[in-house]
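Enquirer: Before I ask anything, here is the structure I am working with.
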Amino acid sequence: KLTINATKAIADVQPTMWGIFFEDINFAADGGLYAELVKNRSFEFHQPMMGWKPLSKEGGSVLIENRYQTHPENPRFANIKVNGSYGLVNEGFRGMGVRQGEQYVFSMQARQADGAPLQVSVDLVNEKNEKIGGATLGRIGYDWKKHSITFVCSETAEKAKLQIRFEGKGVLQADMISLFPQQTWKDRPGGMRKDLVQKLADLKPGFVRFPGGCIVEGKDLANRYQWKTTVGDLDQRKVIMNRWNVEFPHRNAPDYFQSFGLGFYEYFLLAEDLGAAPLPILNCGMACQFNTGEVVPLAELDPYIQDALDLIEFANGDASTKWGKLRTDMGHPEPFHLKFLGIGNEQWDEQYFERYKVFEKILKEKHPEILLISGTGPYSDGQMFDAAWKELRTTKADLVDEHYYKSPDWFFQNASRYDNYDRTGAKVFAGEYAAHGKEKPDAESRNSWFSALAEACFMTGLERNADVVHMASYAPLLAHVEAWQWRPDLIWFNNLTSIGTPNYYVQQLFSNNTGKQVIPILQDEKAVAGADSLYASATIDRKAGRIFVKLVNSAARPKQITLQLKGASNQNAIISTTLHADDLMAFNTLQEPQKVYPQKATLTAKRGELQLEIGAATLQVLEIPV
Ligand code: AHR
């Protein structure tokens, strides 16, 4: 028998409780959320022609020129000499996903450098090299100019390619060669993939943490994430190698670069679109520590701190300020209402603490309104966390970021992790977590129902302790099935479709069913935190007149439960949503996306009691009217 008392509130649940962690890992941005279909559009990858090939050996040639002195941000362009018929083909990000009947916008910056005007046409071709769309561009003049043309695609293809053909005799110079679907999220030109943003919106996240993860740090400081190089005109955003450009077996991504088509402005906008608080994380003067990365000397930390100050101005300043003006010029005169700022990603040890403290001193002085997030490093056995907390408790950090990628067992056992946490001072931001279990060859296999079940148990513990846990986000968020470096992930996609994992539906059930206050749900006067394989949390939204209960049975047998409801008057039409799979190792794939999928039912309580059978290995969420 479990008892819920709706008249008693234990703690407030922060509106930021359940958020999302975005990092450009697994082709999450370029090749994923960012809907650009052309890979290496400005020839800035380390091998300038990566992604491109000439269509023929004859009829012309291509040479990449570098004008570093005059265009340091985007130095390269293609110099295409044509004598008859010549062309280039772009392979896209593991191909280009295009849809029948949809419009595509081709554009490039170009000029005719020599000879008679060339005829330029573009064709989309399918896997069999058959034309499935295209158009001929108007005349290219002798000055650099952006040329655009729109055409309709006649066939759906997951791995289309783009061909650009030149006819005549002359030289054409081209840069920023781009192809976008016209239909993007909110139909913004050059925008984001609709299906993927919709999946994020369906989570109703309380915050969006960006831009990572390890890419904040970079393998070295030269390749750290620098937000200022990601805003302003697209062709001024300096392409760099992605930190996840790695050479693991099966995870090869030598073509992984950051175009920054999705930069800080777009991330702020995304957070705004999703109704979520923006949560940027900045480099703290340290590269990735895993391979004994480099650090900047304390005496040279100023530019890093200035980046933080300028970011606050970019997000919140008005048009009379330098960075507020840039945001205004980019199309957003209203502030982005930045409230949180993370200093460093997954950093630890004294090098971190001493750098964090310098940031804190200046930021707290100049921007006391901004809540600062500091880190603890990755969770190993807890000792490092304890040492970090000890140190950070001597600072004014508002939130402390904990990361744990552990076994499902760890998550089952840690459902009461926060029950005895120190309630004073900094609050917890569980900034990256995921249960890492067994895997099969399928990319999506590590996202088993078992891993999601373990996370659900753990998350009841986060919610029960909402007075100390203010934010939490699963990580990583997105992964391309043919270009991943890390698994499990929350959402898998290919060039055309995307699926939610069992872990995604757990996140969704928690974030879509959260009240404003925690209320007690007790068994024999004790929290339901894993005794007899049962886990539970309950919250209430008094204004909306709803109680939300999460129950998880991790046992291999169903359980009969009597739920006593104190203070809930209207107990008809209780909406019950269950998530379950008979096979604990079941996982969703692009081909079978709903093997583990929420099922809804309506239940009725009698005389203040609800009789319930909660299935084996099941998460059950109840929405009870009050
Ligand atoms: O989420 C994947 C990686 O895990 C993140 O980039 C990093 O912060 C952590 O080590």
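The values are calculated or read from the model by the stated rules, or taken from the named source; none is laboratory data. Because the structure is predicted, anything quoted here is derived from the model rather than measured. Quick reminder, even Gly has a Cβ in these numbers, built from the backbone with ideal geometry, and neighbours come from all protein chains shown.
Quick grid of which residues meet (1) part of a loop (DSSP other than H, G, I, E, B); (2) out of contact with any Leu (no Cβ under 9 Å at 6 or more places or on another chain); (3) closer than 30 Å to Trp492 by Cα; (4) of a type in the set (Gly, Ala, Ser):
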| residue | (1), (2), (3), (4) |
| --- | --- |
| Thr376 | no, no, yes, no |
| Trp389 | no, yes, no, no |
| Thr395 | yes, no, no, no |
| Tyr404 | no, yes, yes, no |
| Asn420 | yes, yes, no, no |
| Pro441 | yes, yes, yes, no |
| Ser445 | no, yes, yes, yes |
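Enquirer: What residue, of Phe385, Phe412, is surrounded by fewer than 22 Cβ atoms within 10 Å (Cβ to Cβ) and touching a residue at least 60 places away in the same chain (Cβ under 8 Å)?
Expert: On the way: Phe385 fails: touching a residue at least 60 places away in the same chain (Cβ under 8 Å).
Unique residue meeting the criteria: Phe412.
For (1) among the β-branched types (Val, Ile, Thr); (2) over 28 Å from the mean Cα position of the chain (by Cα); (3) part of a strand (DSSP E or B), each residue gets a yes or a no:
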position: Ser121; (1), (2), (3): no, yes, yes
position: Leu124; (1), (2), (3): no, yes, yes
position: Ile140; (1), (2), (3): yes, yes, no
position: Asp143; (1), (2), (3): no, yes, no
position: Phe151; (1), (2), (3): no, yes, yes
position: Ile164; (1), (2), (3): yes, yes, yes
position: Val171; (1), (2), (3): yes, yes, yes
position: Ala174; (1), (2), (3): no, yes, yes
position: Ile177; (1), (2), (3): yes, no, yes
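Enquirer: Further question: Sort out which residues of the stretch 599-624 are among the hydrophobic types (A, V, I, L, M, F, W, C) and within 20 Å of Ile540 (Cβ to Cβ), and write them in order of number. Give the derivation first.
Expert: The first filter runs over the stretch 599-624 and keeps only residues among the hydrophobic types (A, V, I, L, M, F, W, C), leaving 601, 603, 605, 610, 612, 614, 616-617, 619, 621-622, 624.
The answer is Leu603, Ala605, Leu610, Leu612, Leu619, Val621, Leu622, Ile624.
Enquirer: Could you please let me know if Ser445 is touching a residue at least 12 places away in the same chain (Cβ under 8 Å), outside the structural domain of Glu592 (by TED's automatic domain parsing) and either within 17 Å of the chain's Cα centre (by Cα) or closer than 16 Å to Val552 by Cβ (or both)? Quick ask: steps written out before the conclusion?
Expert: Numbers: touching a residue at least 12 places away in the same chain (Cβ under 8 Å): yes; outside the structural domain of Glu592 (by TED's automatic domain parsing): yes; either within 17 Å of the chain's Cα centre (by Cα) or closer than 16 Å to Val552 by Cβ (or both): no.
The answer is no for Ser445.
Enquirer: Now for a different question. So which pairs qualify, if the first residue must be in the stretch 196-217 and in contact (Cβ under 8 Å) with a residue 12 or more places away in the chain, the second must be among the β-branched types (Val, Ile, Thr) and more than 15 Å from the ligand (Cβ to nearest atom), the Cβ gap must be under 7 Å, and the two must be at least 6 apart or on different chains?
Expert: Pairs that qualify, where the first residue is in contact (Cβ under 8 Å) with a residue 12 or more places away in the chain and the partner is among the β-branched types (Val, Ile, Thr) and more than 15 Å from the ligand (Cβ to nearest atom), are Gly206/Thr16; Phe207/Thr16.
Enquirer: Another question, then. Residue by residue through the stretch 1-20, note down the ones that are under 33 Å from the mean Cα position of the chain (by Cα) and part of a strand (DSSP E or B).
Expert: Once the filter is applied, which keeps residues that are under 33 Å from the mean Cα position of the chain (by Cα) and part of a strand (DSSP E or B), the stretch 1-20 yields Ala11, Asp12, Trp18, Ile20.
Enquirer: Please find, among Leu341, Leu372, the residue that is of a type outside the set (Asp, Glu), over 16 Å from Glu313 (Cβ atoms), within 24 Å of the chain's Cα centre (by Cα) and more than 16 Å from the ligand (Cβ to nearest atom). Working first, answer last.
Expert: Numbers: Leu341 fails: over 16 Å from Glu313 (Cβ atoms).
Checking each option against the conditions leaves just Leu372.
Enquirer: Being at pLDDT 95 or above, touching a Phe, Trp or Tyr at 6+ places or on another chain (Cβ under 6 Å) and either more than 28 Å from Tyr256 (Cα to Cα) or of a type in the set (Ser, Thr, Tyr) (or both) narrows it down to one residue among Val105, Val82; which is it? Even if it seems obvious, please write down each step before you answer.
Expert: Details: Val105 fails: either more than 28 Å from Tyr256 (Cα to Cα) or of a type in the set (Ser, Thr, Tyr) (or both).
Answer to the check: Val82.
Enquirer: While we're on this one: So how many residues does the stretch 62-86 have that are among the charged types (D, E, K, R) and assigned to a strand (DSSP E or B)?
Expert: Of the residues in the stretch 62-86, the ones among the charged types (D, E, K, R) are 65, 67, 73, 76, 81.
Subsequent filtering for residues that are assigned to a strand (DSSP E or B) retains 65, 76, 81.
Of the residues in that region, 3 qualify.
Enquirer: Here is a follow-up. Can you pull out the residues in the stretch 297-332 that are more than 20 Å from Thr230 (Cβ to Cβ) and either among the aliphatic types (A, V, I, L, M) or part of a loop (DSSP other than H, G, I, E, B) (or both)? Outline the logic, then answer.
Expert: Initial filter on the stretch 297-332 (more than 20 Å from Thr230 (Cβ to Cβ)): 297-302, 318-320.
Pro297, Leu298, Ala299, Leu301, Asp318, Ala319, Ser320 - these are the residues of the stretch 297-332 that are more than 20 Å from Thr230 (Cβ to Cβ) and either among the aliphatic types (A, V, I, L, M) or part of a loop (DSSP other than H, G, I, E, B) (or both).
Enquirer: Another question, then. From (1) in contact with a Leu (Cβ under 6 Å, 6 or more places away or on another chain); (2) farther than 15 Å from Ile624 by Cβ, pick out the condition that doesn't hold for Ala536.
Expert: (2)
The rows are residues; the columns are (1) without any contact (Cβ under 8 Å) to a residue 60 or more places away in the chain; (2) hydrophobic (A, V, I, L, M, F, W, C); (3) more than 22 Å from Tyr597 (Cβ to Cβ).
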{"site": "Asp524", "(1), (2), (3)": "yes, no, yes"}
{"site": "Ala529", "(1), (2), (3)": "no, yes, yes"}
{"site": "Tyr535", "(1), (2), (3)": "no, no, no"}
{"site": "Leu565", "(1), (2), (3)": "no, yes, yes"}
{"site": "Ala573", "(1), (2), (3)": "yes, yes, yes"}
{"site": "Thr578", "(1), (2), (3)": "yes, no, no"}
{"site": "Asp583", "(1), (2), (3)": "no, no, no"}
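Enquirer: Here is a further query. What pairs come up if the first residue lies in the stretch 474-488 and is away from the ligand (no atom under 15 Å from the Cβ), the second is among the hydroxyl-bearing types (Ser, Thr, Tyr), and their beta carbons are under 6 Å apart, counting only those six or more places apart or on different chains?
Expert: none
Enquirer: If only one of Gln560, Gln523 is modelled with pLDDT of 95 or more, under 20 Å from Thr604 (Cα atoms), of a type outside the set (A, V, I, L, M) and surrounded by fewer than 23 Cβ atoms within 10 Å (Cβ to Cβ), which one is it? Walk me through it before giving the result.
Expert: Numbers: Gln523 fails: under 20 Å from Thr604 (Cα atoms).
Of the residues listed, the single one that is modelled with pLDDT of 95 or more, under 20 Å from Thr604 (Cα atoms), of a type outside the set (A, V, I, L, M) and surrounded by fewer than 23 Cβ atoms within 10 Å (Cβ to Cβ) is Gln560.
Enquirer: For the stretch 108-128, name all the residues that are in contact (Cβ under 8 Å) with a residue 24 or more places away in the chain and within 17 Å of Ala160 (Cβ to Cβ). Steps first, please.
Expert: First pass over the stretch 108-128, keeping only residues in contact (Cβ under 8 Å) with a residue 24 or more places away in the chain: 108-127.
Correct list: Ser121, Val122, Asp123, Leu124, Val125, Asn126, Glu127.
Enquirer: Please specify each residue of the stretch 277-320 satisfying the condition of being of a type in the set (S, T, N, Q), buried (at least 18 other Cβ atoms within 10 Å of the Cβ) and more than 16 Å from the ligand (Cβ to nearest atom).
Expert: If we filter the stretch 277-320 for residues that are of a type in the set (S, T, N, Q), which is where we start, we get 283, 289, 291-292, 306, 316, 320.
Among the residues that remain, those that are also buried (at least 18 other Cβ atoms within 10 Å of the Cβ) are: 283, 289, 316.
Within the stretch 277-320, Asn316 is the sole residue that qualifies.
Enquirer: A follow-up question, please. Regarding Glu23, is this residue away from the ligand (no atom under 16 Å from the Cβ) and either within 23 Å of the chain's Cα centre (by Cα) or assigned to a loop (DSSP other than H, G, I, E, B) (or both)?
Expert: Numbers: away from the ligand (no atom under 16 Å from the Cβ): no; either within 23 Å of the chain's Cα centre (by Cα) or assigned to a loop (DSSP other than H, G, I, E, B) (or both): yes.
The answer is no for Glu23.
Enquirer: Next question. Filter the stretch 398-439 for residues that are small (Gly, Ala, Ser) and modelled with pLDDT under 95; which is farthest from the ligand (Cβ to nearest atom)?
Expert: Going through the stretch 398-439, the residues small (Gly, Ala, Ser) turn out to be 407, 415-416, 425-426, 430-431, 434-435, 437.
Restricting the remaining residues to those that are modelled with pLDDT under 95 gives 425, 437.
Numbers: Gly425: 24, Gly437: 16 Å.
Out of the qualifying residues, it is Gly425.
Enquirer: Any idea which of (1) surrounded by 17 or more Cβ atoms within 10 Å (Cβ to Cβ); (2) more than 28 Å from Lys526 (Cβ to Cβ) is the one Arg417 doesn't satisfy?
Expert: (2)
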